[in-house]
């Protein structure tokens, strides 16, 4: 009989992010995590010193997914279309089925937790820096670049918070993005 299979650190983190999206940070508890993964909670302590270490690792994973993974390959190289880069970055983060609930849960968590707040601010600053870099390729006026970046970011975040229930919503969002990007 071989050695027992250990649940990976990444599996604990991903399940933690799923639970965060579903119930906020208070839902991320060791025993429910272990139950969801179908393992004993003892395996958790083989990967993490405590729940706080898991929460920090979850913020690390979220930041990587929300910024690094979302904008990798998008840039300002020759032939890159800044408008398409803006659209693709938005799709990779706020429009992605899995990322939107996690992002919204982190925003709520940041209202009560200093580390989550610090991380959210850093992620938002990095997202805005990306938008500025793209809009700066389209517009010369720094104030216009800032205003368009802010509008695009607000559209990405705020669109998911509205409960209008309107049909054809994606078309309206696409139209709004076209107006913002010019």
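Bear in mind that the values in this text are calculations on the coordinates, not laboratory data. All values derive from a computational prediction rather than experimental measurement. Quick reminder, even Gly has a Cβ in these numbers, built from the backbone with ideal geometry, and neighbours come from all protein chains shown.
Observations on the structure shown:
- For region 100-126 versus region 4-76, the gap between their alpha-carbon centres in whole angstrom: 15
- Axis angle, to the nearest 10 degrees, between helix 99-110 and the longest C-alpha principal axis of the chain: 80 degrees.
- Fully extending the segment from residue 132 to residue 111, taken as 0.36 nm per residue of separation minus the present Cα-Cα distance, adds 5.0 nm.
- Modelled FRET efficiency - R0 41 Å, residue 143 with residue 40, Cβ distances, 0.05 increments: 0.10
- Taking the fewest neighbouring Cβ atoms within 10 Å as the starting point, the ordered list for 108, 63, 143 is 143, 108, 63.
- FRET efficiency, residue 98 to residue 175 (Cβ-Cβ, R0 30 Å, nearest 0.05): 0.75
- Solution diffusion estimate, µm²/s, Stokes-Einstein, region 58-181, Kirkwood Rh from C-alpha pairs, 25 °C, viscosity 0.890 mPa s: 163
- Remark: 58, 19 ranked as 19, 58, counting other beta-carbon atoms within 10 Å and listing the fewest first.
- Label-point gap, in nm, between residue 56 and residue 122 - each point 7 angstrom along Cα→Cβ: 1.1
- Listed from fewest to most Cβ neighbours within 10 Å, the set 106, 173 follows the order 173, 106.
- Full extension of the segment from residue 29 to residue 72, taken as 0.36 nm per residue of separation minus the current Cα-Cα distance, would add 12.3 nm.
- Per-residue ellipticity at 222 nm, computed for the chain from helices alone with -39500 (n - 2.57) per DSSP H run of at least four residues, works out to -20000 deg cm²/dmol.
- Shape call, region 1-63: gyration tensor on alpha carbons, a/c limit 1.5: prolate
- Relative contact order, whole percent, for region 58-181 stands at 26, derived from Cα pairs under 8 Å and 6 or more residues apart.
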